[in-house]
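The values are calculated or read from the model by the stated rules, or taken from the named source; none is laboratory data. Given the structure is predicted, the values throughout are model-derived calculations rather than measurements. Counting neighbours? That spans all protein chains shown, and the Cβs are built from the backbone with ideal geometry, glycine included.
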Amino acid sequence: MRGLVCLLVLLPILYSTIDTILPRFFMFDPVRLQQLSQASIEKFPDNATLLMEDLQASLRAEYGDKHINALRKDAWFFNNAGGAMGSMIILHASVTEYLIFFGTPLGTEGHSGVHLAHDYFTILNGEQSIFYPGDIEPTVYKPGSQNHLPKGRAVQYILNGWALELAQGWIPSMLPFGFLDTFTSTLDFQNLWNTIYWTAHGIIGQLLVGKF
């Protein structure tokens, strides 16, 4: 009981700290990411592979090679979380931000999770539909549009396609959401290792170049 009381006291303090301190470490601008995404979509509207290659090159030109990872085929891995399944590659991972390509050509749906981070989801190919409790009709996002999920909120979503996803906040708190399905359903421990390896590789690498 005492632990629960302490948690209830600490949560508002944690939220306040995230809102006031962490943004000073942010590098990425969601508006600029959407603009870069729209430029690549215009060039390659019907080829997701070339689109992502072009966008990754634009991101490197904008933010620097030391902050944007290469597109390596062996760096892709599955993500099972909230009942949804897709594939992702980490373009950037640090304590306060991550930037990934995420999606599936087959379609998936699930719960977004509730996180200590804002999430910006820019559709590159296909579409995403979401709804909040109380919504009767879904909100549909097409290529070039950006869905902002505020910190602490949750949605149900359906995704069929690919997106550039930016999360800004306390990123380590999001990791259990991406790990738990391994133990409760998939038992894909090789994929869990890949997830941990590439996440740690990104965060440690960014700390070494001074990016928190």
Of 106, 159, 180, which residue is at pLDDT below 95, over 24 Å from residue 212 (Cα atoms) and hydrophobic (A, V, I, L, M, F, W, C)?
-> 180
Among residues belonging to segment 72-112 that are touching a strand residue (DSSP E or B) at 6+ places or on another chain (Cβ under 7 Å) and part of a loop (DSSP other than H, G, I, E, B), point out the one that is surrounded by the fewest Cβ atoms within 10 Å (Cβ to Cβ).
-> 83
Looking at segment 166-184, is at least one residue within 17 Å of residue 103 (Cα to Cα) and either of a type in the set (S, T, N, Q) or free of Cβ contacts under 8 Å to residues at least 60 places away in the same chain (or both)?
-> no
Output yes when any residue across segment 121-141 is in contact (Cβ under 8 Å) with a residue 40 or more places away in the chain and over 18 Å from residue 50 (Cα atoms), and no when none is.
-> yes
Could you tell me whether residue 149 is without any contact (Cβ under 8 Å) to a residue 40 or more places away in the chain and either surrounded by fewer than 16 Cβ atoms within 10 Å (Cβ to Cβ) or more than 18 Å from residue 85 (Cβ to Cβ) (or both)?
-> yes
Quick one: count up the residues across segment 116-141 that are at pLDDT 95 or above, in a loop (DSSP other than H, G, I, E, B) and under 14 Å from the mean Cα position of the chain (by Cα).
-> 0
Surrounded by 21 or more Cβ atoms within 10 Å (Cβ to Cβ) and among the hydrophobic types (A, V, I, L, M, F, W, C): does that describe residue 177?
-> no
Subset of segment 128-146 [more than 17 Å from residue 104 (Cα to Cα) and either in contact with a Phe, Trp or Tyr (Cβ under 9 Å, 6 or more places away or on another chain) or hydroxyl-bearing (Ser, Thr, Tyr) (or both)] | 131, 132, 137, 138, 139, 145, 146
Identity of the residue in segment 59-71, of a type in the set (D, E, K, R) and part of a loop (DSSP other than H, G, I, E, B), that ends up nearest to residue 49 (Cα to Cα) = 65
Qualifying positions in segment 160-173 - within 23 Å of residue 68 (Cβ to Cβ) and either part of a strand (DSSP E or B) or touching an Asp or Glu at 6+ places or on another chain (Cβ under 9 Å) (or both) | 161, 162, 163, 164, 165, 166, 167, 168, 169, 171
Counted residues in segment 43-58 being part of a loop (DSSP other than H, G, I, E, B) and buried (at least 17 other Cβ atoms within 10 Å of the Cβ) come to 1
